[in-house]
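Here is the structure we will look at, set down as structure tokens.
Values in this text are rule-based calculations from the coordinates and carry no lab data. None of these values were measured; they are calculated from a predicted model. Cβ placement follows ideal geometry from the backbone for every residue including glycine, while neighbour counts extend to all protein chains displayed.
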């Protein structure tokens, strides 16, 4: 048996459960939930849609009333962590810019 084979497979990605976790995390970041999106001080920060067993996310490049969007495909727990970390960095940057 090789050293890197633990015999355990990663659990399948459950997009519905992941979306609930993400929504909870975004509320913990003090973002207001409005429909499929979340806002900071009345400006849209992100929008989330569940589609085909994955989460399609749009994230604002800059905090603005009509933002330009970056698109993200969240299809694994790793993608979920990476996306949340990137969003936290953007929120922190926006706080220091204002």
* Structure fact -> Here FRET efficiency (C-beta to C-beta, residue 73 to residue 39, R₀ 25 Å, nearest 0.05) is 0.65
* **Over region 19-82, equivalent-ellipsoid semi-axes from the Cα gyration tensor in Å** => 19, 13, 10
* To do: May I ask for the angle, rounded to the nearest 10°, between helix 15-28 and the longest principal axis of the chain, with both axes built from Cα atoms and the value confined to 0 to 90°?
  => 40
* Structure fact -> The helix 77-97 Cα axis meets the longest alpha-carbon principal axis of the chain at an angle in degrees, between 0 and 90 and rounded to 10, of 20
* Hey, what number do you get for the chain at 222 nm if only DSSP H runs of n ≥ 4 count, each worth -39500 (n - 2.57), divided across all residues, to the nearest 500? -> -12000 deg cm²/dmol
* Asked: How high is the relative contact order of the chain, given as a whole-number percent (alpha carbon pairs under 8 Å, six or more residues apart)?
  -> 19
